[in-house]
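Taking it in order: structure first as structure tokens, then the write-up.
The values are calculated or read from the model by the stated rules, or taken from the named source; none is laboratory data. A quick note: this is a predicted structure, and the numbers were derived from the prediction, not measured. In this analysis, Cβ positions are derived from the backbone assuming ideal geometry, glycine residues included, and neighbour counts consider all displayed protein chains. The protein model used for the area step is the full one, side chains on, heavy atoms only, and it has no ligands, DNA or RNA in it. Shrake-Rupley method; radii C 1.70, N 1.55, O 1.52, S 1.80 Å.
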Amino acid sequence: MSGSAASRGVWGSKLGFILAASGSAIGLGNIIFFGANAYRFGGGAFYVPYFVALFLLGIPMMIVELGLGTTQRSALPGAMYKTTGKGGEFWGWWSLLNAMIIAMYYITILAWVASMLIKGISGALYENGAGTVVPSFMKSISSWLTVALAFGIWAVNIFFLLRGTNTIEKVVKVFVPLMWFFMIVLVIRGLTLDSGFQGVWYLFTPNFSGISEPAVWQGAFSQMFFSLSLGLGTMTAYASYLPKKSDVVANGSVVSFMNCGFEFVAGLAIFSMLFAFTLHPGPTTGTLGLSLVVVPIGIANFPALQTLFACMFFFLLLIAGLSSSISIIESPVAAIRDKFGWTRKKALLAVAGFGAAGSVLFALPMMLKKGGNPAQPLGLSLLELFDHWAFGYSLLVVGLVEAIAIGWGYGITKLRNQINENARFKLGPWFDVLIKFVVPGLIILVLLLNVLKETGAKLTFIGIDKTGFYKGDSGTFDGYGWLPMAVFGIWLVVTVVGAYILTTKGNYPQQEEGEA
Ligand code: TRP
């Protein structure tokens, strides 16, 4: 192997890669967002679209992203450049700028999780019974302590990434088995509660009346991309550290099924608790509230060891989140190194410096009032607004671009043949049909509905009742009516202009042919 390939980094073993990729996939998305989505869309109504999303979008795009990384041995912008030229490269950088925004608030959420964990460990969480959880959470999200914790979480991420695949592998070898262990303990506890099993029925009884609602499909598609770590270049970056002869089909399937398996176990743990204690998350609980408030309230009702279980749950969230956040950050770090030849340390510190500044923004504790609704911290409000654009659009747009650019531009048959050379289970021509037609078709449909919704079009006839320009989950903030529009503008300019600059600046170093 040539020196340059070795210094990019390589996984020590196949298992190391599988653990790193599933550590990336299993994260807050599987626990916080899956539970909230499945609840919002009515349990059994959610999993028909969910399985369609897994087989028609998730696994195929997982194979494309891993295939790009393995065959091109570059992070997303470089891999797109080598396969589809400057146009493709632009979207690679665009996706990484969105990844930066998502990393910023992902880490702020981890800081909130950490502050809940600290409350648990210090015994403050259940001091006065289950009722203390809500004020604890409110205090966490409206305190300057979170800002300090966010810096702490960035520091941990830097530490985990400092020596690349080397350190990543060490971390995931401990974290991934540990998160499975904690999750299994929690699900056993949940299912053995009286009437805990009702949650299982709620989650597993198909409800076909829901599947005519596009909102459910849109929720399932975005959830699937986020959960599998697709659309932000993560899987391409991780796969670029694999030997060229790796079996992409096997890797992609194993990682996808492990991730969705974990998601279902997490769903069972949460739903069994909701049903055992007849907890009804209110409409204002919000996505974060389900895991950071409702679940701890459920745990407070356990017959014994409440604090221990609550700490275990927060600790689980923290390690699952950390093994994901490192992967979101590694993606831009790898891309910058590929193109500009920076050392790992320099690229990592630049990304982390920029990222930590953003995390502070999302942790800002000043309270804003919303007409009629309870006040909410400025940081959380900004998080909702940026999440709407960065999460709501970037993953699916990038997925669409990848499918079209690779499917039609580079030629999916070419990539499929390269993948098949080393695959035990060979992909047939049906795979080309999926990438060229099915994936783009489904994503375009969902994006179109999103855009229509944004413009305020009347879509009640297909089950979408909240239309109009997005102003945050509970409406506009008093005196800050301009904020939603400003956030949209900032997001658009930063990601588009930033991607343009990164695409046009510099050139990729000449490729060394015959590289291992
Ligand atoms: N999949 C992770 C989760 O479920 C989050 C994540 C890590 C991610 N890397 C990503 C999401 C890349 C989208 C793209 O929490």
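Within the range 115-131, how many residues turn out to be part of a helix (DSSP H, G or I) and open to solvent by 10 Å² or more (accessible area, probe 1.4 Å)?
Count: 6.
Can you work out which of the residues in the range 98-124 that are away from the ligand (no atom under 16 Å from the Cβ) and among the polar types (S, T, N, Q) is farthest from G321 (Cα to Cα)?
Top of the filtered list is S122.
What is the one condition in (1) modelled with pLDDT of 95 or more; (2) away from the ligand (no atom under 16 Å from the Cβ); (3) open to solvent by less than 60 Å² (accessible area, probe 1.4 Å); (4) of a type in the set (G, A, S) that G371 does not satisfy?
It fails just one condition, (1).
Counting only residues that are of a type outside the set (F, W, Y) and in contact with a Gly (Cβ under 8 Å, 6 or more places away or on another chain), how many does the range 264-289 have?
Step one: list which residues in the range 264-289 are of a type outside the set (F, W, Y), which gives 265-270, 272-274, 276, 278-289.
Narrowing the set further to residues that are in contact with a Gly (Cβ under 8 Å, 6 or more places away or on another chain) leaves 266-270, 272-274, 276, 279, 281.
So the answer is 11.
Inspect all residues belonging to the range 284-293 and state whether any of them is part of a loop (DSSP other than H, G, I, E, B) and away from the ligand (no atom under 16 Å from the Cβ).
Yes: one or more hits.
Which helices (runs of 4 or more DSSP H) does the range 1-96 wholly contain that include 3 or more residues that are over 26 Å from P509 (Cα atoms) and away from the ligand (no atom under 16 Å from the Cβ)?
14-25, 47-52
Any residue at all in the range 388-407 that is among the aromatic types (F, W, Y) and free of Cβ contacts under 8 Å to residues at least 40 places away in the same chain? Don't jump to the end; show me each part of the working.
Keep residues of the range 388-407 that are among the aromatic types (F, W, Y), which gives 389, 391, 393.
In the following step, the residues that additionally are free of Cβ contacts under 8 Å to residues at least 40 places away in the same chain were identified as none.
The answer is no; no qualifying residue exists.
For A300, indicate whether it is open to solvent by 40 Å² or more (accessible area, probe 1.4 Å) and farther than 20 Å from F41 by Cβ. It would help to see each step written out before you state the result.
Details: open to solvent by 40 Å² or more (accessible area, probe 1.4 Å): no; farther than 20 Å from F41 by Cβ: yes.
In short, no.
Take the residues of the range 374-398 that are in contact with a strand residue (DSSP E or B) (Cβ under 8 Å, 6 or more places away or on another chain) and open to solvent by 10 Å² or more (accessible area, probe 1.4 Å): which is farthest from V493 (Cα to Cα)?
The qualifying residue farthest from V493 (Cα to Cα) is A375.
Would you be able to say whether some residue in the range 132-139 is open to solvent by less than 20 Å² (accessible area, probe 1.4 Å), at pLDDT 95 or above and part of a helix (DSSP H, G or I)?
Among the residues of the range 132-139, not one is open to solvent by less than 20 Å² (accessible area, probe 1.4 Å), at pLDDT 95 or above and part of a helix (DSSP H, G or I), which makes the answer no.
Go through the residues of the range 128-144 one by one and say whether even a single one is farther than 30 Å from P377 by Cα, touching a residue at least 24 places away in the same chain (Cβ under 8 Å) and out of contact with any helix residue (DSSP H, G or I) (no Cβ under 8 Å at 6 or more places or on another chain).
The answer is no, given that none of the residues of the range 128-144 is farther than 30 Å from P377 by Cα, touching a residue at least 24 places away in the same chain (Cβ under 8 Å) and out of contact with any helix residue (DSSP H, G or I) (no Cβ under 8 Å at 6 or more places or on another chain).
Sort out which residues of the range 353-368 are surrounded by fewer than 22 Cβ atoms within 10 Å (Cβ to Cβ) and aliphatic (A, V, I, L, M), and write them in order of number.
Answer for the range 353-368, where residues must be surrounded by fewer than 22 Cβ atoms within 10 Å (Cβ to Cβ) and aliphatic (A, V, I, L, M): A356, A357, V360, L361, L364, M366, M367, L368.
Just to be sure before I move on: is G219 at pLDDT below 85, within 16 Å of the ligand (Cβ to nearest atom) and out of contact with any His (no Cβ under 9 Å at 6 or more places or on another chain) in the structure I sent?
For G219, the condition - at pLDDT below 85, within 16 Å of the ligand (Cβ to nearest atom) and out of contact with any His (no Cβ under 9 Å at 6 or more places or on another chain) - is met.
Restricting attention to the range 57-81, and to residues there that are touching an Asp or Glu at 6+ places or on another chain (Cβ under 9 Å) and open to solvent by 10 Å² or more (accessible area, probe 1.4 Å), which single residue is nearest to G9 (Cα to Cα)?
R73
Can we say S331 is surrounded by 23 or more Cβ atoms within 10 Å (Cβ to Cβ), within 16 Å of the ligand (Cβ to nearest atom) and either over 14 Å from G35 (Cβ atoms) or at pLDDT below 95 (or both)?
So S331 fits the description; yes.
Can you name every residue in the range 472-493 that is under 21 Å from L449 (Cα atoms), open to solvent by 80 Å² or more (accessible area, probe 1.4 Å) and either in contact with a Ser or Thr (Cβ under 7 Å, 6 or more places away or on another chain) or modelled with pLDDT of 80 or more (or both)?
If the condition is that a residue be under 21 Å from L449 (Cα atoms), open to solvent by 80 Å² or more (accessible area, probe 1.4 Å) and either in contact with a Ser or Thr (Cβ under 7 Å, 6 or more places away or on another chain) or modelled with pLDDT of 80 or more (or both), then M485 is the only one that fits.
State all residues of the range 185-217 that are open to solvent by 30 Å² or more (accessible area, probe 1.4 Å) and assigned to a helix (DSSP H, G or I); if no residue qualifies, say none.
Answer for the range 185-217, where residues must be open to solvent by 30 Å² or more (accessible area, probe 1.4 Å) and assigned to a helix (DSSP H, G or I): V185, I188, R189, L191, F197, Q198, W201, Y202, F204, I211, S212, W217.
Out of G468, G456, G428, G409, report the one residue that is among the small types (G, A, S) and part of a helix (DSSP H, G or I).
G409
Answer with yes or no whether G231 is away from the ligand (no atom under 14 Å from the Cβ), touching a residue at least 12 places away in the same chain (Cβ under 8 Å) and either of a type in the set (V, I, T) or surrounded by 17 or more Cβ atoms within 10 Å (Cβ to Cβ) (or both).
No; evaluated as a whole, the condition is false for this residue.
Note down all Cβ pairs under 8 Å where the first residue falls in the range 27-52 and is without any contact (Cβ under 8 Å) to a residue 12 or more places away in the chain, the second is within 12 Å of the ligand (Cβ to nearest atom) and not in a helix (DSSP H, G or I), and they're at least six residues apart or on different chains.
Correct list of pairs: empty, since none qualify.
This table checks each residue for (1) assigned to a helix (DSSP H, G or I); (2) open to solvent by 30 Å² or more (accessible area, probe 1.4 Å); (3) modelled with pLDDT under 95; (4) closer than 19 Å to L191 by Cα.
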position: V249; (1), (2), (3), (4): yes, no, no, no
position: V254; (1), (2), (3), (4): yes, yes, no, no
position: F309; (1), (2), (3), (4): yes, no, yes, yes
position: L317; (1), (2), (3), (4): yes, no, no, no
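If a residue must be in contact (Cβ under 8 Å) with a residue 40 or more places away in the chain, of a type in the set (F, W, Y) and open to solvent by 90 Å² or more (accessible area, probe 1.4 Å), how many such residues does the range 420-461 contain?
1
Can you tell me which condition S246 does not meet? The list is (1) of a type in the set (S, T, N, Q); (2) within 16 Å of the ligand (Cβ to nearest atom); (3) touching a Ser or Thr at 6+ places or on another chain (Cβ under 7 Å), and all the others hold.
Of the numbered conditions (1) of a type in the set (S, T, N, Q); (2) within 16 Å of the ligand (Cβ to nearest atom); (3) touching a Ser or Thr at 6+ places or on another chain (Cβ under 7 Å), the odd one out for S246 is (2).
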